[in-house]
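Working notes for the structure below.
The values are calculated or read from the model by the stated rules, or taken from the named source; none is laboratory data. Since we're looking at a predicted model, the values are computed, not measured. A quick note on method: Cβ atoms are made from the backbone with ideal geometry, for glycine too, and the neighbour counts reach across all protein chains shown.
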Amino acid sequence: MSETLDLTLRVWRQPGADVAGKYVEYKLTGISTHMSFLEMLDVLNEQLHAQGDEMIAFDHDCREGICGMCSLMINGQAHGPDTGTTTCQLHMRRFKNGDTIVVEPWRAQAFPVIRDLVVDRSAFDRIIEKGGFISVSTGNAPEANAIPVPAPVQETAMDAAACIGCGACVAACKNASAMLFVSAKVSHLSTLPQGKPERSSRVQNMVAQMDLEGFGNCTNTEECSAACPAEISISNIARMNREYMRAKLCSKE
Amino acid sequence: MVTKSAEKQQPSPSASGKSATKWIMTLLSSSLGQKFVMGITGLLLCGFLVVHLAGNLLVYVGADAYNTYAHDLHSMLLLPVAEVGLFLLLFAHIALAFKLTSDNRKARHISYHEKQSKIEEPPSFFGKTPMGRTSSWMFLSGSIILIFLIVHMIDMKLHLNPAVTYTVETPEGVIEADPYSIIVQVLGSWSAAVYIIGTIILGFHLSHGFWSAFQSLGLNHPKYTPWIRKFAILFAAVIAIGFASLPIWGLFIH
């Protein structure tokens with residue numbers, strides 16, 4: 001049996017990148033508890049559209065929790081109150097009737113607001129361009145056992161590769177640091193044999209770009225990992241620190 | 001100790017050695033390199049705390065033991081060198097703290113209307129906000145420790161505390177009071193409160209700083225990290241209780 005909720009939403013509204021923004025309150029009635037958080041915003045947008053008001057801009061794509069497109073700081077928590085999940089997988093049954101929900105965009109110097117709740121996360125793309133790949137000559141698929149990769153190494157690499165690049169780590173960190181994201185990418189590739197040849201240049205170039213983008217520093221508060229929908233561990237940050245020092249002190253690059 | 005010698009080279013790279021020092025400069029200007037220096041200096045300062053506490057606990061043995069220790073320590077030829085080293089460690093740690101904190105504030109240029117932690121923790125005074133964790137106020141605790149250190153230097157090194165008599169009159173003339181009588185005077189006065197607060201805040205700073213240093217140095221391992229984190233709490237408690245016991249002893253027991 002479906003219950004319905006009456007809610008008050010306080011949403012950050014900002015018409016454009018260089019325009020001042022403010023919080024605007026909206027009253028919503030009869031929201032089904034079966035709705036996802038984004039569907040609730042869709043309902044609100046339909047109402048705003050019907051009234052002839054500007055709709056709220058927010059990022060979304062797959063709505064299956066795997067693309068990393070949705071964001072939102074919901075009541076001060078990246079992707080809402082649940083752990084290991086994205087905003088699109090957050091359901092309204094998580095809220096109580098009469099709740100006031102504060103919705104904010106990711107806040108970071110490196111993630112400027114484009115409009116309302118949409119931020120520009122292309123800083124992440126520029127970091128990836130600096131080394132979040134392996135250079136291989138493509139051709140026929142190689143024989144599967146040509147390069148042995150022990151199962152624990154595969155697991156470590158896969159756990160890091162689970163990062164969907166949503167930016168919740170930056171949003172949750174008090175320093176707006178991107179260490180968890182960058183370390184996940186560095187760990188994913190540098191633990192696998194295919195990533196080893198570019199190991200030293202990768203970490204140095206990616207860290208240099210991360211610093212250039214204006215992300216903060218890591219103070220090991222672990223908020224990033226707690227907010228991460230893919231539950232990336234901070235052990236990756238230590239691995240990146242290790243990789244970076246190894247590259248700086250021991251490699252010729 | 002590549003990082004330390006590099007620090008000195010940074011301000012004046014010679015024209016010929018520019019390419020040789022370039023990688024060091026990139027390292028020390030990077031976020032990771034600075035956190036590395038922060039971790040190394042922090043751990044070395046922890047080493048100093050152990051020695052300093054061990055020496056000071058000699059007050060419990062007696063005035064003679066303490067005075068002999070203080071006298072032997074200060075007659076060591078290399079002590080000024082060690083003191084300069086200690087000052088450089090402190091300076092690097094504090095200067096980087098200001099630099100990194102200012103960077104971090106810039107990175108989060110607009111603060112959130114509301115911020116809640118997702119870390120499962122027992123309920124604290126601060127509720128669900130991240131401020132319930134010592135890691136959230138390392139700069140604040142560090143600043144309080146810095147103020148405490150300045151007071152400590154005025155009391156024990158510069159001998160400028162007006163409530164303390166640093167000299168004694170003897171038949172041979174006015175001579176410097178022995179270290180034991182100075183420490184008893186300082187810890188028996190109102191300054192004791194400053195020492196208790198300062199050392200307890202130091203404990204909170206260490207409870208996060210100790211394991212955090214290992215993480216910044218890349219020393220994370222599923223077998224050892226849980227022990228390092230437990231040891232950090234134990235280490236912080238021993239240092240804080242050990243040092244805080246001195247003013248409590250000076251105030252109530254001595």
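Quick check: anything in region A:226-241 farther than 28 Å from A:CYS67 by Cβ and either touching a His at 6+ places or on another chain (Cβ under 7 Å) or polar (S, T, N, Q) (or both)?
Yes: one or more hits.
Given the options A:ALA17, A:ALA50, name the one that is in contact (Cβ under 8 Å) with a residue 24 or more places away in the chain and out of contact with any Ser or Thr (no Cβ under 8 Å at 6 or more places or on another chain).
Values: A:ALA50 fails: in contact (Cβ under 8 Å) with a residue 24 or more places away in the chain.
Only one candidate passes the filter, namely A:ALA17.
Only one residue in A:ALA17, A:ALA50 is part of a loop (DSSP other than H, G, I, E, B) and surrounded by fewer than 18 Cβ atoms within 10 Å (Cβ to Cβ). Which one?
Values: A:ALA50 fails: part of a loop (DSSP other than H, G, I, E, B).
Criteria check complete, one pass: A:ALA17.
Grab the helices (runs of 4 or more DSSP H) fully contained in region B:164-254, keeping just those with 2 or more residues being modelled with pLDDT of 95 or more and surrounded by fewer than 21 Cβ atoms within 10 Å (Cβ to Cβ). First the steps, then the outcome.
Numbers: elements: B:179-188, B:191-216, B:225-248.
Qualifying helices (runs of 4 or more DSSP H): B:191-216, B:225-248.
Being part of a helix (DSSP H, G or I) and among the charged types (D, E, K, R) is the filter here; which residues of region B:131-163 pass it? Working first, answer last.
Restricting attention to region B:131-163, the residues satisfying the condition of being part of a helix (DSSP H, G or I) are B:131-132, B:134-156.
Matches in region B:131-163: B:ASP155 only.
Those residues that are within 19 Å of B:SER136 (Cβ to Cβ) and not basic (Lys, Arg), I need them from region B:215-239; list them, please. Give the derivation first.
Looking only at region B:215-239, we keep the residues that are within 19 Å of B:SER136 (Cβ to Cβ), and these are B:215-216, B:229, B:232-233, B:236.
Result: B:GLN215, B:SER216, B:ALA232, B:ILE233, B:ALA236.
When B:GLU114 is evaluated against the numbered criteria (1) touching a residue at least 24 places away in the same chain (Cβ under 8 Å); (2) in a loop (DSSP other than H, G, I, E, B), which criterion, by number, is the only one it fails?
Only one criterion in (1) touching a residue at least 24 places away in the same chain (Cβ under 8 Å); (2) in a loop (DSSP other than H, G, I, E, B) is unmet by B:GLU114, namely (1).
Among A:MET55, A:MET35, A:MET73, A:MET69, which is away from chain B (no Cβ under 14 Å), among the hydrophobic types (A, V, I, L, M, F, W, C) and closer than 23 Å to B:GLN116 by Cα? Give the steps one after another, and end with the answer.
Working: A:MET55 fails: closer than 23 Å to B:GLN116 by Cα; A:MET35 fails: closer than 23 Å to B:GLN116 by Cα; A:MET73 fails: away from chain B (no Cβ under 14 Å).
Result: A:MET69 is the single residue among A:MET55, A:MET35, A:MET73, A:MET69 that is away from chain B (no Cβ under 14 Å), among the hydrophobic types (A, V, I, L, M, F, W, C) and closer than 23 Å to B:GLN116 by Cα.
Search region B:65-104 for residues being touching a residue at least 40 places away in the same chain (Cβ under 8 Å) and among the charged types (D, E, K, R), and hand back the single one that is surrounded by the most Cβ atoms within 10 Å (Cβ to Cβ).
B:ASP103
From the set of residues in region A:196-210 that are of a type outside the set (S, T, N, Q) and over 17 Å from A:GLY167 (Cβ atoms), which is surrounded by the most Cβ atoms within 10 Å (Cβ to Cβ)? First the steps, then the outcome.
Narrowing region A:196-210 to residues of a type outside the set (S, T, N, Q): A:196-199, A:202-203, A:206-208, A:210.
Applying the additional criterion that residues be over 17 Å from A:GLY167 (Cβ atoms) yields A:196-199, A:202-203, A:207-208.
Working: A:LYS196: 13, A:PRO197: 12, A:GLU198: 17, A:ARG199: 19, A:ARG202: 24, A:VAL203: 32, A:VAL207: 29, A:ALA208: 18.
Across region A:196-210, the extreme among qualifying residues is A:VAL203.
Just one of the numbered conditions (1) in contact with a helix residue (DSSP H, G or I) (Cβ under 6 Å, 6 or more places away or on another chain); (2) more than 14 Å from chain B (Cβ to nearest Cβ); (3) modelled with pLDDT of 95 or more is not true of A:SER122; which one?
(1)
Taking the residues in region A:174-217 that are part of a loop (DSSP other than H, G, I, E, B) and over 22 Å from B:SER29 (Cβ atoms) as candidates, determine which candidate is farthest from the other protein chains (Cβ to nearest Cβ). Show your work before the answer.
Step one: filter region A:174-217 for residues part of a loop (DSSP other than H, G, I, E, B), giving A:174-176, A:178, A:191-192, A:213-215, A:217.
Retained after the next criterion (residues that are over 22 Å from B:SER29 (Cβ atoms)): A:174, A:191-192.
On the way: A:LYS174: 6, A:THR191: 14, A:LEU192: 19 Å.
Step by step, filter region A:174-217, then rank; the result is A:LEU192.
Given the conditions (1) at pLDDT below 95; (2) in contact with a strand residue (DSSP E or B) (Cβ under 8 Å, 6 or more places away or on another chain), which single one is not true for B:MET76?
Failing condition for B:MET76: (2).
Please specify each residue of region B:115-138 satisfying the condition of being surrounded by fewer than 16 Cβ atoms within 10 Å (Cβ to Cβ) and either modelled with pLDDT of 95 or more or at the interface with another protein chain (Cβ under 9 Å from one of its Cβ atoms) (or both).
B:GLU120, B:THR129
Which condition from (1) surrounded by fewer than 18 Cβ atoms within 10 Å (Cβ to Cβ); (2) over 18 Å from A:CYS228 (Cα atoms) is the one that A:ARG115 breaks?
Every condition holds for A:ARG115 apart from (1).
Could you tell me how many of the residues in region A:20-47 are more than 23 Å from A:PRO112 (Cβ to Cβ), in a strand (DSSP E or B) and among the β-branched types (Val, Ile, Thr)?
Qualifying residue count, region A:20-47: 2.
A:THR138 is checked against (1) in contact with a helix residue (DSSP H, G or I) (Cβ under 7 Å, 6 or more places away or on another chain); (2) modelled with pLDDT under 95 and fails just one. What number does that condition carry?
Status for A:THR138: all satisfied but (1).
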